[in-house]
Each structure stands twice: as structure tokens, then as C-alpha cells.
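The values are calculated or read from the model by the stated rules, or taken from the named source; none is laboratory data. Note that the structure is predicted; figures quoted are calculated from it, not measured. All Cβ positions, even for glycine, are placed from backbone atoms using ideal geometry, and neighbour counts span all protein chains on display. Keep in mind that these areas ignore ligands, DNA and RNA; they rest on the heavy atoms of the full protein, side chains included. Shrake-Rupley method; radii C 1.70, N 1.55, O 1.52, S 1.80 Å.
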Amino acid sequence: MKGAGKPERNAGKKRRFKLSLKVKLSVVLALLLLLTVLVMSELVLRGIESNQRRQTEAELSRYSRAAEQYVRQSYYSLENPLTDEEFMTQRGQRLALYITSLNGMQTYLYDASGREVGNSLPGVGDNDVADTLGFALDGAIAYETSGDSLIYFSPLRVEDRMIGVVRLQYSLKSSQDFLETIRELFRTAGIVVFAAGFVIGYLYFHRIASLIGKLRKASQQIRTGRYLRAIPVRRRDELGELGEDIYFMSGAIEEHIERQKQFIGNVSHEFKTPLTSIKAYVDLLDLYRDDPQLAAEAATSIGKETERLYEMVEKVLRLSAMEKYDFDQHAERVDLKELLEELCGRMRGKAERYGVELLPELEEASCWADRESLVHVFINLIDNAVKYNVPGGKVRVRCRMEKREALVRVTDTGIGIPFEARGKIFEPFYTVSKDRARSYGGTGLGLALVRELAEKQGGAISVSAPDSGPGTEVEVRLPVSAKN
Ligand code: ADP
């Protein structure tokens, strides 16, 4: 049986390339690790670079100050006074060579007008440095990088006069090489971490994926009606919890279906009995068409049996509709005293016919429930108390408040229920004895319906013998306020 709206597996779904969860998760893990390495390498390299720059600047500033010192000494030791320009022109080359011998760097000297007056390595790697030189001639320290060298300019001052500029050519090669080595190291680390992350992730997620596979298999098993006999995954985490849930769900479905099967079996059986009897009368009537006594007997019996069938159908329908009925939505405050008074009034006629006295003894009481359901509950209980009574018997209907509950008791002085049957009378189709049920027109569904209805209201029902004398006492407890 497949309903039109029922979702069908794989219906209209093309087979697509499937990337398994373990591969996806492993890639994500590997990428995360790679990202970590990348961010770390970026931070470390930047740190090294700025550290190197600071060291180079400090070193060059020291060297340029030493050069200036040397130029000053040479200036003061002049025997014949020279102009600054003459001094720089005459001594420039020698000074440049001497400064190089101190610091090992190619050194240039310029006079105050920017003309080159000395070069420790003439003709080697000259660049266009006019702009940066211009800054130094204005009295500032200035530098620029070109290829793997840093070109550093520092003004030369004697007695607060600018007499020229010293230019030092600093090789960045070793620091650049160092940085490159570190970068290479991080690159290798990145590749290793990515590969290792993927492999470790794959191995770990493979285990998780196989557990998910087990859970999936369990649910497929339930789908085909093979219920679980053990928890499919035992673990102390969410997967373990899911495993337990699936196991309990399987049990609940199995029980539900089992109950339904039993119910349907009972229904069919119970329906068959009156139908067999009706059919027998119809066959007899067919044979003895002119027998007035048989016709009268048949009319009574068929009438009784159809009445029973009708009642059964109605109760079965009500029981099965209960699943879908939203009791919470229909709940309201019900004045029990008023309701029971009205119901006793309704049942008085039947009680009189049975020669039974109906005695309402009602106190003020109210509860929170679906009124319609309560009507069914109490009518059924009063009906049983009248039906299973004896002529001249009594039915007491009482209600009162007790703590946070409303209490309703229907007590009769009738034939009573044997002790061993008290636990079973709430089961569908249970009757204390078939003969008894037949002669009273019972179906065995009334109390099953009553208990379901009472429990759906958040209430409870129990049966006992009255404190004194023969008979039965049924007690219903109902909540005073809505359940949360
Ligand atoms: P029925 O439709 O047969 O009355 P119920 O489910 O209402 O079905 O009751 C189940 C059985 O419990 C009845 O067949 C009857 O034997 C017994 N029973 C119920 N109420 C009473 C009562 N007040 N006194 C004696 N027997 C009762």
C-alpha cells in the first residue's frame, strides 16, 4: 500500500557523485591545519623581517656616525685651512677608502652640492640615487633598497655645517637568504601537516562514518519490519545516544504494531460473533418463512446484535480517532458538580428501567480537561454501574477536591468485579465473562476507552471494591490545572 503523498526513497533523484563524509571532514581538518601553518609562517616571517630592519638601521647609524667622526677628525687636523668644498674634493677619495677599511662596506662621499668626491670601489654597481641623496643633502638620514643591497645616506656635519654626505652600501643578501630558508621550512611544514592532517582525519572519521553506517543499517532494518534486539552503537557520546534512541524507537514501533495487530484481531473476532448470529437467523427465516414465533424471536435478536455492533463500531472509531485528537487544545475549566448533575439527569431514565436508584452526592469541584471526553468517561462509568447492578441496587456518584486534584467516584451495589479481573478490565475487549457481556449487551471496549480518555486529560483511573457491601467502586482523578 503506497499512498500518493508518501515519500519514496530515491524517487526522482539522479545518482550523483557522492563525496563521503569522511573525505569531506578529513579535507576540512587538513585545510584548517594548513591555514594554521600559513598564519603562523606569516607572523614569524614578519617578525623576523622587522627585527632585521631594526638591527640593520642601528648598525648603519653606528657606522655612519663613526664615519662622520672620522671626517671631523681629519677636518680638524688640517694644517692649512681649506674651504669645505676644497677639503671634500681633496680628501674625499682617501676618506672613502679609510671608512671602507673600518666597516667593510662600499662607501661613497659627496660634497654639500651633491657631487661625488670619493668612492671606495669606483665603477661598481652605481645606481640612480639622486632622489634619496637629495633628502640627505637636506640634512636627513635617508635610504633605499636596490636588489639585494640597502643604500644608506647620512649627512656629514662639522661645527653644525653640512659639508657633505656619506653613502654606505649594505648587503642584505645574508638576511634575505635567512628569510628564504625559513620560508622554505614553513612550506615543507605546510605540506607535511596537510598530508598528515588528512591521513589522521581520514582514519578517525572512518571510524565515525562506520558507526553512522551501522545506525543507518539499523534504521533500514526497522523500515523492513525487522526490529532491533540490541543497541546498534554503544558509546558514551551523541552517536551512542542516537543508537539508544533508535533502539528504543524500534521497540516502541514494534509494541505499537503488535498492539494494533492484537486490536484488529480482537475487533474482527468480536464483530464475527454478532454477525454469525444474525446470519443464522437470516438462514432460518429463509427456511421457515411463515413461522411468526421465529420472526418475532429473530427480530429481537437481530435488533440486539445490531445494537451491539453499532455500539462497537462507534467505540472502535472513537478509540482510533483518539490518536489524532488534540486534547490540550480542547481543554477548558470544567465544573464537575454541574456536569455530573446533568449526566445523572440523563441516566436517570435508564437507571429506573433497571430498578436502580441513582444518588448524586456532589461537592463543588472543577478540573482542567476536554469536556466532551469527560462526558464519555462518566456516562460509561454510570452506565456500567447501572448495567452490572441488581434490582433495588444503588449507584452513588460523588465528586470533591483533594489537594491539587479533582476526585470523582462512581460506586454501585451491583454484582462486583472479581479481584483477579480488576487489572484487566481496562484492556480492549476484555469482559469478565462472555455470557455476562452478552446478556448485558457489553462490548468490552467501554473501560478501555474510559482509561485512554482519562489519561489523555492527565488523569488516572482505578477500580476497587466499595468499603462495605458488594459492588464496585471506580475512582477518577483529574488535574486541576493545565499540565505544562
Ligand atoms: P462492556 O461494554 O462490556 O461494559 P467495559 O469495558 O465497560 O465493557 O467493561 C469491561 C467488563 O468489566 C465488563 O464486561 C464487566 O464484566 C466488567 N464491569 C465493568 N464495570 C462494572 C461494574 N460497575 N460492575 C461489575 N462489573 C463491571
Next item on the list: For ASP326, tell me the accessible area in Å² from a 1.4 Å probe, rounded to the nearest 10.
Entry: 70
Note to self: Taking all protein chains in place and a 1.4 Å probe, what share, in percent, of the accessible surface of the chain do carbon and sulfur account for?
What the structure shows: 55
Notebook entry, point to check: With respect to the cross-link table entries LYS279/LYS304; LYS434/LYS456; LYS272/LYS324; LYS261/LYS315, which display a Cα-Cα separation exceeding 19 Å?
Noted result: LYS434/LYS456; LYS272/LYS324
Notebook entry, point to check: How much length is gained if the chain between HIS330 and VAL39 is pulled fully straight, taking 0.36 nm per residue apart and subtracting their Cα-Cα distance, in nm to one decimal?
Noted result: 98.6 nm
Notebook entry, point to check: For the range 329-479, what is the accessible area per residue in Å² when the probe is 1.4 Å?
Noted result: 47
Item checked: Residues of type lysines that LYS18 reaches as a straight line, Cα spacing below 19 Å, ignoring anything fewer than 8 places off in the same chain -> LYS214, LYS217
Notebook entry, point to check: Any idea how far the Cα center of the range 175-211 sits from the one of the range 351-403, in Å?
Noted result: 79
Check: When the solvent-accessible surface of protein heavy atoms is calculated with a 1.4 angstrom probe, in what order do VAL28, VAL233 fall, highest first?
Finding: VAL28, VAL233
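At 37 °C and 0.692 mPa s, grab the translational diffusion coefficient of the chain from Stokes-Einstein with a Kirkwood Rh over Cα pairs, rounded to a whole number in µm² per second.
Result for D is 97 µm²/s.
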Check: What ranking, highest mean first, results for peptides 290-299, 68-77 when packing means the other Cβ atoms within 10 Å averaged over each residue?
Finding: 68-77, 290-299
Notebook entry, point to check: Among all the aspartates and glutamates, which ones have a C-alpha under 15 Å from LYS424's C-alpha, if same-chain residues fewer than 8 places away are not counted?
Noted result: GLU452
Next item on the list: Order the following by accessible area, largest value first: HIS376, HIS269, HIS330. Probe radius 1.4 Å; ligands, DNA and RNA are ignored.
Entry: HIS269, HIS330, HIS376
Notebook entry, point to check: Where does each of ARG54, ARG333 land when they are ordered by accessible area, with a 1.4 Å probe and the largest first?
Noted result: ARG54, ARG333
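Counting DSSP beta bridges in the chain, what percent are antiparallel, to the nearest 5?
Percentage antiparallel, nearest 5: 90.
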Notebook entry, point to check: Taking square-rooted eigenvalues a ≥ b ≥ c of the alpha carbon gyration tensor, is the range 32-130 rounded, prolate or oblate, where a/c under 1.5 means rounded and, failing that, a/b exceeding b/c means prolate?
Noted result: prolate
Next item on the list: Calculate the spin-label point distance for GLU244 paired with ARG400, positioning each point 7 Å from the Cα along the beta-carbon direction, and give it in nanometres.
Entry: 4.4
Margin query: Could you tell me the ratio Rg/Rh of the range 329-479? Both radii from Cα atoms, Rh via Kirkwood.
Written below: 0.94
Margin query: Around ARG54, under 15 Å between beta carbons, what's the net of Lys plus Arg minus Asp minus Glu among the other residues?
Written below: 0
Item checked: Rounded to 5, the percent of DSSP beta bridges in the range 277-431 classed as antiparallel -> 70
Checklist line | Simple label model, 7 Å out from Cα along Cβ direction - ALA252 to ALA296, nm | finding: 5.9
Notebook entry, point to check: Could you state the number of Å between the C-alpha centres of the range 438-462 and the range 277-305?
Noted result: 33
Notebook entry, point to check: Can you pull out the GluC sites (Glu not before Pro) in the range 146-235 that DSSP calls coil and that have at most 10 other Cβ atoms within 10 Å?
Noted result: GLU159
Next item on the list: First check a/c for the range 238-321, with a ≥ b ≥ c the square roots of the eigenvalues of its C-alpha gyration tensor; if it is under 1.5, answer rounded, and if not, answer prolate when a/b is larger than b/c or oblate otherwise.
Entry: prolate
Item checked: Neighbour-limited loop hits for GluC sites (Glu not before Pro), the range 342-432 (at most 14 other Cβ within 10 Å; DSSP other than H, G, I, E, B) -> GLU363, GLU364
Item checked: the chain - percent relative contact order, Cα under 8 Å, separation 6 or more -> 10
Item checked: Estimated inter-spin distance, SER74 and GLU475, nm [label 7 Å along Cα→Cβ] -> 11.9
Margin query: Counting other C-beta atoms within 10 Å, and keeping those with at most 16, which DSSP coil trypsin sites (Lys or Arg not before Pro) do you find in the range 394-484?
Written below: LYS403, ARG404, ARG422, LYS424, LYS483
Item checked: Per residue, in Å², the accessible surface of the range 90-190 once ligands and nucleic acids are set aside, probe 1.4 Å -> 51
Item checked: Positive minus negative residues near LEU340 (Lys, Arg vs Asp, Glu; Cβ under 13 Å) -> +1
